[in-house]
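The values are calculated or read from the model by the stated rules, or taken from the named source; none is laboratory data. All values reported here derive from a predicted model rather than from experimental measurement. Methodologically, a virtual Cβ is constructed for each residue, glycine included, from the backbone with ideal geometry; neighbour enumeration extends over all protein chains shown. Accessible surface areas use protein heavy atoms only, side chains included; no ligands, DNA or RNA. Shrake-Rupley method; radii C 1.70, N 1.55, O 1.52, S 1.80 Å.
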Amino acid sequence: SFVSPQHSSDINRAENPILLVRWKTAIADTNQIGNLSISYDGGTSWELMQSLKIHTNQYRWVIKDTVSKARLKMETGFGNFFSKDFVITPLTRVSVDFNCTDSFQLSWNSHIYASSYKVYVITDSPYLKLIAQTSDPFISFKRTQYPATVYAVEPVLINNIPASRSVATNISNQ
């Protein structure tokens with residue numbers, strides 16, 4: 001079964017153009033070969049990435065420069081195994097348009113396939129909390145309702161798959 005990538009946030013070409021594709025297997029035979037392939041069209045067609053020994057449990061993949069939904073397949077002598085669908089897309093970057101005492105506004109680069117954007121905040125726990133969803137590539141907040149300073153944005157694609165979420169941005173540092 002595939003371990004990574006699991007989510008589009010696992011794929012960030014700007015940070016690292018090479019992704020370690022990982023899987024786990026119970027194969028003890030170190031000579032067992034598998035064909036690792038990728039599909040950019042929902043599994044209609046497949047491109048062979050590499051034939052490799054399955055016991056290695058990993059492959060260094062140079063991420064294609066594209067905006068696309070993708071899926072991995074490992075063909076073996078004992079069956080075919082598929083990853084979850086994931087999205088290859090540039091990382092969303094959050095900007096602070098204004099930061100006043102009573103309100104602030106965030107904006108981000110529009111995603112070509114996004115139908116909406118989820119806005120998250122970090123408040124009293126280390127986890128992101130969903131606070132809003134909008135179809136616009138910007139949002140304004142009143143400080144009385146949202147006094148926190150750390151926010152992140154995640155595009156939601158037309159097919160409801162989440163794209164790469166932005167890094168959590170501290171608006172007081174912007």
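What to note about this one:
- Computed 3J(HN,Hα) for segment 119-125, one whole-Hz value per residue from the Karplus formula 6.51 cos²θ - 1.76 cosθ + 1.60 where θ = phi - 60°, is 10, 10, 9, 10, 10, 9, 9, glycine and proline marked x.
- Sites S116 and D65, calculated FRET efficiency, Cβ-Cβ separation with R0 22 Å, nearest 0.05: 0.30
- Here's how it looks for R165: its modeled amide H is under 5 Å from those of S9, which are all 5 or more places away or on a different chain.
- Accessible area in square angstrom per residue, segment 1-91, 1.4 angstrom probe: 54 Å²
- When Rg and the Kirkwood Rh are both derived from Cα coordinates, the Rg/Rh ratio for the chain amounts to 1.08.
- Sequence-distant residues sharing a close amide H with S103 (under 5 Å, placed H): R143
- On the basis of the beta-carbon distance and an R0 of 35 Å, T44 and A132 show a calculated FRET efficiency of 0.45.
- Straightening the chain between L20 and A168 buys 51.0 nm, computed as 0.36 nm per residue apart minus the Cα-Cα spacing.
- Pairs from the table (K73/K129; K84/K118; K69/K118) lying more than 29 angstrom apart at Cα are K73/K129.
- Shape descriptor for segment 103-174: Rg over Rh equals 0.95 (Cα atoms; Rh from the Kirkwood inverse mean 1/r).
- Efficiency of FRET from Cβ geometry, N160 and F82, R₀ 22 Å, rounded to 0.05: 0.70
- A crude spin-label estimate for the pair V150 and N109, with each label 7 Å from Cα along the Cβ direction, gives 2.4 nm.
- Scalar couplings 3J(HN,Hα) for segment 155-170, obtained by applying the Karplus form with A = 6.51, B = -1.76, C = 1.60 to θ = phi - 60°, are x, 10, 6, 3, 8, 6, 8, x, 8, 4, 7, 5, 5, 6, 10, 8 Hz; x denotes Gly and Pro.
- Per atom type, segment 8-167 shows carbon and sulfur on 49% of its accessible surface, probed at 1.4 Å.
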